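Each remark here refers to the structure printed beneath this line.
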Amino acid sequence: MNIAVDQTTMPDERRLAAAAHLIERMGDHLEAEGMPRIAGRIFGLMILEPGLISFGALAERLGVSRASISTNARLLENKGLLARVRVAGQRQDYYRLADQPYVNMLRGVAARMGETLATLATAHDALPPEASVERARLDQARVFFETTLAAMTELSGQLSQLAAGGRDKP
């Protein structure tokens, strides 16, 4: 049994060109954030894909090896951006965009900021009292990370509520 994409969503030439552009640019964007380029390309494709897509179809559509798909799809799954789906009677895995992938992305950034805050606190506590210049600089960094973390936490909550209310799934 093959999973078919709704044929009414099959793109024309302009849609294909726009999709190809998005896929490549998402590769660039995620690579700039320290992730593998192929992970960004997979994510770009999945943003546009309305349903399930097989492991093999991902490799074929992106022109990359199955090993690369496996590694990078697992990375995206671990970050809450993709969901792996088992289809009865099929030996290969299928993927779809995760529920609230953008909220999950924001929460991941917030978690790393929280870790940075802990590092700043440790550094602050390790300094001798007379290190006033260093303490002041650490305090500036702490204020930045605390303020940004609070805003991100609030924003992720708002986006999550929007998705739960039946609006666009952030």
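Which of the residues belonging to region 39-83 are within 18 Å of the chain's Cα centre (by Cα) and in a strand (DSSP E or B)? Within region 39-83, Ile53, Leu82, Ala83 meet the criteria.
Scanning region 85-98 for residues that are exposed (fewer than 14 other Cβ atoms within 10 Å of the Cβ) and touching a Phe, Trp or Tyr at 6+ places or on another chain (Cβ under 6 Å) turns up just one, Gln92. When restricted to residues that are closer than 13 Å to Gly51 by Cα and modelled with pLDDT of 90 or more, region 1-35 contains 0. Filtering region 63-84 to residues that are of a type outside the set (S, T, N, Q) and crowded, with 19+ Cβ neighbours inside 10 Å leaves Ile69, Ala73, Leu76, Leu81, Leu82. Only residues that are of a type in the set (A, V, I, L, M), closer than 25 Å to Leu162 by Cβ and assigned to a loop (DSSP other than H, G, I, E, B) were counted in region 84-107, giving 1. Of the residues in region 114-126, not one is surrounded by 15 or more Cβ atoms within 10 Å (Cβ to Cβ), aliphatic (A, V, I, L, M) and not in a helix (DSSP H, G or I). If only residues of region 29-38 that are of a type in the set (D, E, K, R) and assigned to a helix (DSSP H, G or I) are counted, the one that is nearest to Arg91 (Cα to Cα) is Arg37.
The values are calculated or read from the model by the stated rules, or taken from the named source; none is laboratory data. Since this is a predicted model, take the numbers as computed values, not measurements. Here Cβ is always computed from backbone atoms with ideal geometry, including for glycine, and neighbour counts include all displayed protein chains.
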